[in-house]
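Beneath this line is the structure, given in structure tokens, with notes to follow.
The values are calculated or read from the model by the stated rules, or taken from the named source; none is laboratory data. Not measured: the values here are computed from a predicted model. Positions of Cβ are backbone-derived with ideal geometry, glycine not excepted, and every protein chain shown enters the neighbour counts.
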Amino acid sequence: MIKITMFSSADKVAGQGVGSAYLELINLLKTHFEDEFDIEINHYCKSDISHYNTIDLPFYFSTFSKKRGQKVGYVHFLPETLEGSLKIPQPFRGIFYRYVIAFYKRMDHLVVVNPSFIDKLVAYGIPREQITYIPNFVDSARFHPVDVKQHFALRKKYGLPADKFVVLGSGQVQERKGVPDFIQLAKQNPDVQFVWAGGFSFGPLTDGYHELKKVVENPPANLKFTGIVSRDEIAELNNAADLFLLPSFNELFPMSVLEAFSCGTAVMLRDLDLYRSIIDGDYEPAKDILEMQEKLTLLRNDPARLAHWQKRAREAAAHYSEDHLARIWEKFYCEQAAKGDDHE
């Protein structure tokens, strides 16, 4: 049995995708590999593999212990992807960004959730052969399509009109997520119901906090901010919506998109390069708010176009299913444990 210690504080801050990805991985390992992997969480005991899901300073110091075995780092962000998320004044921002890369360089191997990160990490001086791409995934037992009756029951539960087109966005309320564009689209389409599921996970540290907070507290009549919600509620809101829209300017591999796919909800995204390498053809692309408005109008008035993207969502969900990713993680951990044995 391979002993794996998970190091993470990702689930301490509600409403962020890193926490969701971490919890999904823990659930996968405990469900599929109870007899193969012995999982400990945040225990500084001797391990075959230490998997660092977050970059806490105590975790960094722990990497100098010989008990850690093979050190695996989960790369959920790079310094450049933090721009537009958090307000960190200089010189602290520069110090923190250098720490991020120093943490990654302490690892024996890195896992990225988007292949576009591999070249960027290599540019930071990390050998390409020490980086593996493994995508995120979601639990289909929680995120799955519902029938028409349940669809309308969920709309009633969340106070959403039964006869309107419903657009859902989810994630932290911040500039990077494109929330200002989401708000502007709501203002431009008063006959469409918009819902943003998420809140200010990092409070006043959030970029654009004071401006966005004013809108959250006094939104347009057709825009509902739910605040931070549970993952079960996210699944229900996806199934109540007609379209999932994420206007982010910078992402890795957003859990929110996988959640929408798994519910069979049509997806529209700002057309970023990083999406093309992983989910090209699975979403309605829009380069800016003008094109988002154009595509939204098309989707509302053309049921066949909406049905096409619903079908693509279901097909994408199958590729990123828990069972498929379970086999990938099993192979990866076995390979890492063998590398650790070779070093002893």
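At a glance:
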| item | result |
| --- | --- |
| The stretch 84-115, subset among the small types (G, A, S) and under 23 Å from L272 (Cβ atoms), residue surrounded by the most Cβ atoms within 10 Å (Cβ to Cβ) | S85 |
| Checklist (1) without any contact (Cβ under 8 Å) to a residue 60 or more places away in the chain; (2) over 22 Å from the mean Cα position of the chain (by Cα); (3) more than 26 Å from V179 (Cβ to Cβ) applied to I101, failing item | (2) |
| Selection count, the stretch 295-337, where residues are crowded, with 19+ Cβ neighbours inside 10 Å and part of a loop (DSSP other than H, G, I, E, B) | 1 |
| Residues of the stretch 281-294 satisfying the condition of being of a type in the set (A, V, I, L, M, F, W, C) and assigned to a helix (DSSP H, G or I) | I289, L290, M292 |
| Members of the stretch 201-226 found to be assigned to a strand (DSSP E or B) and at pLDDT 90 or above, listed by number | L223, K224, F225, T226 |
| Flag if I118 is out of contact with any Pro (no Cβ under 8 Å at 6 or more places or on another chain), crowded, with 19+ Cβ neighbours inside 10 Å and of a type in the set (A, V, I, L, M, F, W, C) | no |
| Qualifying residues in the stretch 37-79 (those that are hydroxyl-bearing (S, T, Y) and surrounded by fewer than 21 Cβ atoms within 10 Å (Cβ to Cβ)) - the one nearest to E335 (Cα to Cα) | T63 |
| Residues satisfying the stated conditions in the stretch 205-239, i.e. buried (at least 24 other Cβ atoms within 10 Å of the Cβ), aliphatic (A, V, I, L, M) and over 15 Å from Q172 (Cα atoms) | L237 |
| Residue that is surrounded by the most Cβ atoms within 10 Å (Cβ to Cβ) [pool: residues in the stretch 130-169 that are closer than 29 Å to A21 by Cβ and among the small types (G, A, S)] | G169 |
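Here's the yes/no breakdown for (1) of a type outside the set (V, I, T); (2) farther than 21 Å from S116 by Cβ; (3) in contact with a Gly (Cβ under 8 Å, 6 or more places away or on another chain):
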| position | (1), (2), (3) |
| --- | --- |
| E251 | yes, no, no |
| S256 | yes, no, yes |
| F261 | yes, no, no |
| T265 | no, yes, no |
| R270 | yes, no, yes |
| G281 | yes, no, no |
| Q293 | yes, yes, no |
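Results for (1) of a type in the set (D, E); (2) out of contact with any Lys or Arg (no Cβ under 7 Å at 6 or more places or on another chain); (3) within 20 Å of Y22 (Cβ to Cβ), shown as yes or no for each residue.
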{"residue": "S62", "(1), (2), (3)": "no, no, yes"}
{"residue": "S65", "(1), (2), (3)": "no, yes, no"}
{"residue": "F77", "(1), (2), (3)": "no, yes, yes"}
{"residue": "I88", "(1), (2), (3)": "no, yes, no"}
{"residue": "V100", "(1), (2), (3)": "no, yes, yes"}
{"residue": "Y104", "(1), (2), (3)": "no, yes, yes"}
{"residue": "V111", "(1), (2), (3)": "no, yes, yes"}
